[in-house]
Structures are given as structure tokens and as C-alpha cells.
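For reference, the structure is listed below as C-alpha cells.
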Amino acid sequence: SKYTFLSYILSECSKKYPSKRMMAIESEDLYQTSYSAHANRVGNYLNFTFSIEGTNPKLLEDEKYMDDVYNFFYEMIKNPNIDNHSFVKKNFDIIKNYMEIDIESAKENPKKLAFDGAMKFMDDASISASDMLGTQELLNKINPKNLYETYLDLINNSHLELFIIGKFEKSEELLSKKNLDVIKKITNGVKEENINDLYVNNIEVDEVKY
């Protein structure tokens, strides 16, 4: 429940963009750049994904475009809307309402009910049997403070891989020195042993020449 809640709230707002509307305006200003956060389970592992998709800058007359996209990505990941070590209550309450609606809707989804039932039947104690969406009871245990603590644990202690992909002849066009500095800011605070690799069009970043 917490990680699903976290993915919702990190997709909706940040300190600089404290409402979904402000975030949407920035996205439009960046030529409909699309950003999202998503949590899902892969076997016994939690997979938490931040993604951003923009326009090929070669099609635009905007030299700052890639820099602005990287900075927007950084802002959404590393500057959540926090006040006094807690998520801002207004944002929290909006997302909690979304979660409550989704939990109720799931009860009327026969495909999901059948899948969840099969997982519990095979091994009720397995992590695979637990629903990422959770229950109303679990949702009620989440508050702005412990959700922020979960965010800090995710950002600082998770294993990290980054992929930068685009239609370019040279990888350097996707990752300039300035952009690499933003990536370093995103990974700042993550334990070194948890940063697995940074790939640019499937080339490890150490092989990218500047």
C-alpha cells in the first residue's frame, strides 16, 4: 500500500509544482513531456520506476530543452512536497481519496479477484500473495510522516539502474556534461554499492566520451 501510495503522490506533485495542474502546465511548456512514477512487484522484488518521455530535441528550436527536461525529472524525484518531515496534508488527502476509490473498484474486478485468490491459494505467506494496492485497513495506517519515511528509504537504500534512450547517432547527444550533473544530483544520497549502472542507449556510461 505505501509504495503504491508513494507512486501516486510522486506522480502528482513536487515542491516546485505543488498541484497536478501546475505540473501539467510545466509538462505542456516542455512540449508535452510525460512523467510518471510506478510501483509493481516482480517475483519477490519491488520494482519502483520513475520515467520521463520527451520530444526529440532535434525537432525543436529550443537549445535548453534537454536541460529543462532533466531538471524537471530531478525536481519530481528529489523534491517532493514536504513540510516538517511529512508530505503536505492537502496532497496526501487527495491521493488517499484516489486510493480509496481504487480499492473499492478492485472489489468489482473479477479478473483481479481471481488472480489475487489464486496467489493466496498457492502460498498465502508469499509476498506474491500480497496486493500492491492493499486494503482500506492498511491504507488507514499510512500518514504523511510515515509515507515520507518510506520515500527516504526508497530513495536512499534501493538498488538503482538508470536508462536513457533516444534516437541519436551519438550517446553524448543524450547525456551532456550538464545533464550528467543532474543525474549525479538524482543519485546523491544513494549508497554507492546500490548504484548498479547508468546506460545510455544500452552503452554503459563509463564508455561515453566527453
**OP:** Please work out, to two decimal places, the log10 of the ratio I(q)/I(0) at q = 0.24 Å⁻¹ from a Debye calculation in which every Cα of segment 1-78 carries one identical scatterer.
**Re:** -1.10
Original post:
Tell me, what is the 1.4 Å probe accessible area of Thr55, in Å² to the nearest 10?
Top reply: 40 Å²
**OP:** Keeping every protein chain in place, order Ser27, Ser14, Ser19 by accessible area at 1.4 Å, biggest value first, i.e. largest first.
**Re:** Ser19, Ser27, Ser14
Original post:
Could you give the nm distance between label points at Lys15 and Leu152, where each point is 7 Å from its Cα heading toward the beta carbon?
Top reply: 1.4 nm
**OP:** Please list Val69, Val42, Val88 in order of solvent-accessible area, largest first, computed with a 1.4 Å probe with all protein chains present.
**Re:** Val42, Val88, Val69
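The values are calculated or read from the model by the stated rules, or taken from the named source; none is laboratory data. Here the structure is a predicted model, which is why all the values come from computation and not from measurement. Positions of Cβ are generated from backbone atoms using ideal geometry, with glycine treated the same way; all protein chains shown enter the neighbour counts. Quick note on the areas: whole protein, heavy atoms, side chains included, nothing else; ligands and nucleic acids left out. Shrake-Rupley method; radii C 1.70, N 1.55, O 1.52, S 1.80 Å.
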